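So the structure is just underneath, and the comments pick up after that.
The values are calculated or read from the model by the stated rules, or taken from the named source; none is laboratory data. If you're wondering where the values come from, they're calculated on a predicted model, not measured in any experiment. Cβ sites come from the backbone with ideal geometry, for glycine too, and all protein chains shown count toward neighbours.
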Amino acid sequence: MKKIYEGKAKVLYQLEDPETILMVFTNQATALNGKRKEDIAGKAILNTQISTLIFEWLESVGIATQLIKKIDDDRQVVKRLEMIPLEVVVRNRVAGSFAKRFGLEEGGVLSKPTVEFFLKDDELDDPFVNVSQLTSLNKITEEECQTISDLALKINDKLIQLFDEAGLILVDIKFEFGKDSSGNIILGDEISPDNCRLWDKVTEEKLDKDRFRRHLGSLTDAYEEVSKRLDAVIAHQK
Ligand code: UDP
């Protein structure tokens with residue numbers, strides 16, 4: 001199989017059918033934009049489980065995703081997308097770089113969710129970029145920005161409810177989008193506690209990658225808990 005992309009947490013291979021890709025999750029956890037790296041046994045399997053659960057659930061509520069199916073503990077077959085090189089962050093509460101940039105305490109509830117774009121570029125440390133800059137640089141059209149922003153907010157709304165039922169607060173989340181062969185913009189990549197912040201509703205315990213970033217205890221125990229709770233909520237809905 002031809003390797004077509006090797007990222008920090010995933011490797012992609014071209015499958016025989018040119019419209020499909022094999023997405024293999026890895027155990028690697030990174031922080032400080034890849035400067036700190038560690039292999040965490042069990043992370044790949046947990047993220048595959050969680051991301052599959054969430055993408056299948058999103059499909060069931062009418063959101064198109066890249067996922068075709070999970071085929072193994074740490075593998076998914078996904079649709080080939082032309083990925084848009086943006087990290088689209090939606091925030092419901094103050095945390096992380098947003099807290100730092102505006103000198104705010106973590107945890108404050110925003111009066112409405114906010115969307116931010118970061119250019120996906122490791123060498124530049126994924127710089128913040130606004131719509132005017134993106135369109136002037138011909139990275140993307142204004143209309144595409146609007147579509148992505150609307151879609152990100154819509155998915156965020158749905159996920160707030162799903163996580164709430166699982167006793168979790170969705171603090172913030174990063175999405176990646178791509179275009180399918182018909183030119184439709186759809187949700188790609190993964191959704192797992194690696195790329196969103198999830199706090200327990202009662203204790204506000206962090207159950208996401210901040211445990212790794214900030215040395216707050218076992219990552220896999222927390223991911224296991226998230227997986228278990230989502231599984232129970234989704235099974236109950238069926
Ligand atoms: N995030 C991500 N990949 C990145 C940067 C951020 O998935 O390269 C996620 C992160 O997990 C969080 C959200 O995007 O859920 C907002 O991250 P933030 O900008 O606060 O940056 P951080 O504090 O993680 O550096």
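Of the residues making up the stretch 81-110, those that are out of contact with any helix residue (DSSP H, G or I) (no Cβ under 9 Å at 6 or more places or on another chain) and assigned to a helix (DSSP H, G or I) are SER97, PHE98, ALA99, LYS100, ARG101, PHE102.
Regarding GLY167, is this residue away from the ligand (no atom under 11 Å from the Cβ), within 25 Å of ILE45 (Cβ to Cβ), under 14 Å from the mean Cα position of the chain (by Cα) and not polar (S, T, N, Q)?
No: the conditions fail for GLY167.
Within the stretch 191-207, being crowded, with 23+ Cβ neighbours inside 10 Å and within 14 Å of ARG229 (Cα to Cα) holds for SER192, PRO193, LEU198, LEU207. If you go through the stretch 40-55 and keep only what is more than 17 Å from PHE177 (Cβ to Cβ) and either free of Cβ contacts under 8 Å to residues at least 12 places away in the same chain or among the β-branched types (Val, Ile, Thr) (or both), you end up with ILE40, ILE45, THR48, ILE50, THR52. Against the conditions (1) within 16 Å of the chain's Cα centre (by Cα); (2) surrounded by 20 or more Cβ atoms within 10 Å (Cβ to Cβ), CYS145 satisfies every one except (1).
Within the stretch 60-80, the set of residues being out of contact with any helix residue (DSSP H, G or I) (no Cβ under 6 Å at 6 or more places or on another chain) and either among the polar types (S, T, N, Q) or modelled with pLDDT under 95 (or both) comprises SER60, GLN66, GLN76. Modelled with pLDDT of 95 or more and away from the ligand (no atom under 16 Å from the Cβ), is that true of ARG229? Yes; evaluated as a whole, the condition is true for this residue. Taken over the stretch 4-47, residues that are among the charged types (D, E, K, R) and within 20 Å of LYS120 (Cα to Cα) amount to 6.
Looking at VAL88, VAL78, which is the one that is more than 16 Å from the ligand (Cβ to nearest atom), in contact (Cβ under 8 Å) with a residue 24 or more places away in the chain, hydrophobic (A, V, I, L, M, F, W, C) and in contact with a strand residue (DSSP E or B) (Cβ under 8 Å, 6 or more places away or on another chain)?
Numbers: VAL88 fails: more than 16 Å from the ligand (Cβ to nearest atom).
Of VAL88, VAL78, the one residue that is more than 16 Å from the ligand (Cβ to nearest atom), in contact (Cβ under 8 Å) with a residue 24 or more places away in the chain, hydrophobic (A, V, I, L, M, F, W, C) and in contact with a strand residue (DSSP E or B) (Cβ under 8 Å, 6 or more places away or on another chain) is VAL78.
Counting only residues that are free of Cβ contacts under 8 Å to residues at least 60 places away in the same chain and more than 13 Å from LEU46 (Cβ to Cβ), how many does the stretch 211-235 have? Spell out how you get there, then give the answer.
Of the stretch 211-235, the ones free of Cβ contacts under 8 Å to residues at least 60 places away in the same chain are 211, 214-218, 221-222, 225, 228, 235.
Add one more test, that the residue is more than 13 Å from LEU46 (Cβ to Cβ), and what stays is 214-217, 235.
The qualifying residues number 5.
Of all residues in the stretch 91-118, how many are buried (at least 17 other Cβ atoms within 10 Å of the Cβ), over 15 Å from the mean Cα position of the chain (by Cα) and within 12 Å of the ligand (Cβ to nearest atom)? Steps first, please.
First, the residues of the stretch 91-118 that are buried (at least 17 other Cβ atoms within 10 Å of the Cβ): 91-95, 98, 106, 113, 115-118.
Keeping just the survivors that are over 15 Å from the mean Cα position of the chain (by Cα) gives 93-95, 98, 106, 113.
Filter again for within 12 Å of the ligand (Cβ to nearest atom), leaving 93-95, 98, 106.
Qualifying residue count for the region: 5.
Of all residues in the stretch 199-207, at least one satisfies being part of a loop (DSSP other than H, G, I, E, B), more than 16 Å from the ligand (Cβ to nearest atom) and out of contact with any strand residue (DSSP E or B) (no Cβ under 8 Å at 6 or more places or on another chain).
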